[in-house]
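The values are calculated or read from the model by the stated rules, or taken from the named source; none is laboratory data. All values reported here derive from a predicted model rather than from experimental measurement. Glycine also receives a Cβ, built like all others from the backbone with ideal geometry; neighbour counts cover every protein chain displayed. SASA here: full protein model, heavy atoms, side chains in, ligands and nucleic acids out. Shrake-Rupley method; radii C 1.70, N 1.55, O 1.52, S 1.80 Å.
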Amino acid sequence: METSRHTTQQTEKEKDPNLEKISGIEMKSIGVLMTCPMHKYLEQQLETHFNLFRLWHCNSSITEFLKTHQGNTIRAVVGNTEIGADAELIASLPSLEIVASYSVGLDKIDLRKCEEKGIRVSNTPDVLTHDVADLAIGLILGVLRGICASDAYVRIGKWKDADFGLATKFSGKSVGIVGLGRIGTAIAKRAEAFGCSISYFSRSQKPFASYKFYSNIIDLATSCQILIVACALTEETRHIINREVIDALGPKGILINIGRGAHVDETELVSALLEGRLGGAGLDVYENEPEVPEELLGLGNVVLQPHVGSDTVETSDAMADLVISNLKAHFSKKSLLTPVI
């Protein structure tokens, strides 16, 4: 998402970034590989402070690209939820020291390989928590109140012929959350403001939470009317929302996914919606982005978003600043602000 950056005061070093030196290192000479187009402000900042290489300018293989652009000079990779740093890319960069992710999710980074090679990893937690939680509530309201469908109803002129019809109330519903981390907790607090009862499933019970804990996700799905997926994607949570969970949620239940597409068995989700075994769904993520199952496009009880959970100007800028700050900290031999490894 491209946006104009608000005006900021420049420091003396920022006035001439080519002369910027921290701990005796000339930052501008440090090679940084950006894996795909991201926020324009991030790209501009990387180009200002470092020697930026853009992987999407590659017209051949990654190997050929790195040979042409002297892969041995690249000391940092900036990736996101689309393209991170897999084992192949890491192996192609002998001088790689840090992977700075422009996201909170880490499923596109080979963390084991990074650990083996002593490569630092950072991400952008906290700054995107509120936006993603806001969207989760928006998806719930969109599905239950038929906001998108009723908007289309007005636009195509059907309101002149008949009223839209009744929707479903959100306030007071029982909400189950899969993963009570930063984002899950923020969603819970918002849902509480709607008078909803909250329960959750997690690897372990959270001592800070007063919500009802379920150690079995089937029990959680059975007990709630709205099930929200907000956990990290790991091998254990891949397809955690399967046919059994969907059937436990039932024909009046609503599934919301603002986690990762692979959390949900998409084939089973589509089948359940078409067969009426699930009441509706609000989705911001999909298994094979940007591909979305065609069957979902015509369903009025489904609200679809193009993976925009954290895509606001304010949060995108803050995430970009955090990526830059982590890179500067690393190359200044200081502690990372948000270390993963």
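Things to note:
- Taken together, S223, S202, S210 contain a single residue that is exposed (fewer than 13 other Cβ atoms within 10 Å of the Cβ) and modelled with pLDDT of 95 or more, which is S210.
- Failed item in (1) touching a residue at least 40 places away in the same chain (Cβ under 8 Å); (2) assigned to a loop (DSSP other than H, G, I, E, B); (3) of a type outside the set (A, V, I, L, M, F, W, C); (4) surrounded by fewer than 22 Cβ atoms within 10 Å (Cβ to Cβ), with T124 passing the rest: (4)
- The lone exception for Y200 - which of (1) assigned to a helix (DSSP H, G or I); (2) more than 29 Å from V323 (Cα to Cα); (3) of a type outside the set (G, A, S); (4) touching a Lys or Arg at 6+ places or on another chain (Cβ under 9 Å) it fails: (1)
- N257 being buried (at least 22 other Cβ atoms within 10 Å of the Cβ) and touching a residue at least 40 places away in the same chain (Cβ under 8 Å): no
- One residue stands out in region 50-92 among those that are at pLDDT below 75 and aliphatic (A, V, I, L, M): the one that is surrounded by the most Cβ atoms within 10 Å (Cβ to Cβ), namely L66.
- E116 part of a helix (DSSP H, G or I) and either open to solvent by 20 Å² or more (accessible area, probe 1.4 Å) or more than 27 Å from S310 (Cα to Cα) (or both): yes
- Search result, residues across region 155-188 that are assigned to a helix (DSSP H, G or I) and surrounded by 12 or more Cβ atoms within 10 Å (Cβ to Cβ): K158, W159, R182, I183, G184, T185, A186, I187, A188
- Sole exception among (1) in contact with a strand residue (DSSP E or B) (Cβ under 8 Å, 6 or more places away or on another chain); (2) touching a residue at least 12 places away in the same chain (Cβ under 8 Å) for Y286, by number: (1)
- Selection from region 273-308 of residues that are within 19 Å of G250 (Cβ to Cβ), of a type outside the set (A, V, I, L, M, F, W, C) and crowded, with 22+ Cβ neighbours inside 10 Å: G280, G282
- Flag for S150 being among the hydroxyl-bearing types (S, T, Y), open to solvent by 30 Å² or more (accessible area, probe 1.4 Å), touching a Phe, Trp or Tyr at 6+ places or on another chain (Cβ under 6 Å) and not in a helix (DSSP H, G or I): no
- L135 touching a residue at least 40 places away in the same chain (Cβ under 8 Å), open to solvent by less than 20 Å² (accessible area, probe 1.4 Å), in a helix (DSSP H, G or I) and under 30 Å from Y211 (Cβ atoms): no
- Qualifying residue in region 289-297 (condition: charged (D, E, K, R), over 23 Å from F170 (Cα atoms) and touching a residue at least 40 places away in the same chain (Cβ under 8 Å)): yes
- Restricting region 14-45 to residues that are modelled with pLDDT of 95 or more and out of contact with any helix residue (DSSP H, G or I) (no Cβ under 7 Å at 6 or more places or on another chain) leaves a set whose member that is most open to solvent (accessible area, probe 1.4 Å) is Q44.
- Some residue of region 100-109 being more than 16 Å from P339 (Cα to Cα), over 14 Å from the mean Cα position of the chain (by Cα) and buried (at least 18 other Cβ atoms within 10 Å of the Cβ): no
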